[in-house]
C-alpha cells in the first residue's frame, strides 16, 4: 500500500499562528546553525559530520542562554530539520544535487514537520504539540477510510495562507489494469505538449494572463518605503497574485499528468535540462510558466503509483530533425521551421508531432 499526502487549508487562532511562526523560525535557525558547523568541519578538518552529531549539538544549543528560546517549541520539527539536512548532504555526496544552502527568512519555505509523537489525531481532529486546541481544517476532500496520519507538515505560503499536509496509507493507490498504448511527449511553449498521436495540448500561459495585474502590483510595492507596513501589505498583494497563478498551473498539470498516466502504459519524455534552458533570457519567462520540470515530476510519481512506465530519452537525440518515416536527418532545418518535407521520402511533417513520434520510437527502442 502506497503512502500519499493530502493537503488542506486551515485557519489558526492568533495563539496557534504565533506558536507556528516561532516554530518556523526555530527550524530555520537550527538548520542554518547545523549547516554552518558541518561546513566549517569539512573546510577545516575534512571531516563529514553525521545526523547523530548534529542532534548532540542541538542539545547543547538549547542549554545556552542565547538559544534558550529553542525550548519554547516542539523538539520534533527541529530534529526533522536536522534529518532533512542530513538527506541534503547525502544527496550532495552522491552527486545527485547541489551543496545544501542556508535558509532565508523571506525566500525559504516556512514549514515544520511533525512525526507521530508530536501530534494527536483523534476523531478526525488534529492537535499539534505545544497546542491546547485542534487545528481548524477545511476538509476539502475526505481522507481514505481508516487513514491515520504518520507525518504532518504545516506550512505558510508567501500569500499568508496556512496549509497542513497529512501523509497516510492510501488503499486507492494501486496499479491500474495494463493497456497496450504508449505515447511520446514533446514539450513546447506554443503548445504545452505535443503527443505522438498528433494531439497538441494548448499552453494556458497562466502567468501571461495575469501579467498586467502582477506588474501593477509590483510597481505599487516598489513605491513603498522600505521595511514599512505599507510595503508589507503591497508585498502580500504581489504574493497573492503569484499564488493564484501557481494554483491554476498546478491544477492544470495535475489533470494533464493524471490523464497521460491513466491512458498509457508507457510515457516517453525528453530528458530536458530546464536549468540550462532558463539561461536564454528571451524564453526564460515562457519556460518557467510552462513548468516542464513540475509536470515531469507528476508524471513520474503517478506512474510509480499506478504501475506505469516512464522512459526519458537523451536530450541530444535529434528528435526534431529526424524524419519519423525514413529516419533521414535534415541538418538544414532551422528553429523557425514549423512544418517541413523530408528530402528523402517526401513525407510532410509537423515539426512537433514528428519530434514526439521520434521520442516515442527512441524510448521504445531503449526498453
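Points to keep in mind about this one:
- For 255, 95, 224, order by how many other beta-carbon atoms lie within 10 Å, fewest first: 95, 255, 224
- The simple spin-label model puts a point 7 Å past each Cα toward its Cβ; for residue 2 and residue 180 those points are separated by 2.6 nm.
- Counting only alpha carbon atoms, the long axis of helix 292-306 and the longest principal axis of the chain meet at about 90°.
- Contact order relative to length of the chain, as percent, for alpha carbon pairs under 8 angstrom and 6 or more apart: 16
- Put in order of Cβ neighbour count within 10 Å, fewest first, the listed residues 132, 210 become 132, 210.
- Cut-off 16 Å, label 7 Å out along Cα→Cβ of residue 130, residues of the range 73-108 by amide N: 73-82
- The modelled label-to-label distance between residue 9 and residue 189, using points 7 Å beyond Cα along the C-beta direction, is 3.4 nm.
- Anisotropy class of the range 270-347 from Cα gyration tensor, a/c 1.5 cut: oblate
- Cα-projected label distance for residue 218 with residue 56, points at 7 Å along beta-carbon direction, nm: 4.9
- The angle between the Cα long axis of helix 351-366 and the main principal axis of the chain comes to about 80°, on a 0 to 90 degree scale.
- Relative to the current alpha-carbon distance between residue 231 and residue 141, full extension at 0.36 nm per residue lengthens the span by 28.8 nm.
- Euclidean distance of C-alpha centroids, the range 314-360 and the range 153-230, integer Å: 30
- The relative contact order of the range 175-367 comes to 28 percent, based on Cα pairs under 8 Å that sit 6 or more residues apart.
- Counted over the range 175-367, the DSSP beta bridges are approximately 55% antiparallel.
- Spin-label zone in the range 29-54 - amide nitrogen under 16 Å from a point set 7 Å from the Cα of residue 64 along the C-beta vector: 29-41, 54
- Expressed to the nearest 5 percent, the antiparallel share of DSSP beta bridges inside the chain is 80 percent.
- Structural descriptor for the range 2-170: relative contact order 35 percent, calculated from alpha carbon pairs under 8 angstrom and at least 6 residues apart.
- Crossing angle, helix 75-93 versus the chain [Cα axis fit, 0-90 degrees, rounded to tens]: 40
- For the range 1-112: rounded, prolate or oblate by the Cα gyration tensor [a/c cutoff 1.5]: oblate
- Remark: the Cα gyration tensor places the range 225-367 in the oblate category, a/c being 1.5 or greater and a/b not exceeding b/c.
- Debye intensity ratio I(q)/I(0), log10, the range 158-272, q values 0.24 Å⁻¹ (C-alpha model): -1.28
- Cβ-derived FRET efficiency at R0 30 Å, residue 333 paired with residue 288, nearest 0.05: 0.65
- Residue 251/residue 45 FRET efficiency (R0 51 Å; Cβ-Cβ; nearest 0.05): 0.55
- Packing around the peptides 75-84, 294-303, taken as the average count of other Cβ atoms within 10 Å per residue, puts them in this order, highest first: 75-84, 294-303.
- Using the Cβ-Cβ distance between residue 205 and residue 161 with R0 = 35 Å, the FRET efficiency computed as 1/(1 + (r/R0)^6) comes to roughly 0.90.
- Taken over the Cα atoms of the chain, the convex hull encloses 191 Å³ per residue.
Values in this text are rule-based calculations from the coordinates and carry no lab data. Treat the numbers as computed from the prediction; the structure is a model and nothing was measured. Cβ coordinates were reconstructed from backbone atoms using ideal geometry, including for glycine residues, and neighbour counts include every protein chain displayed.
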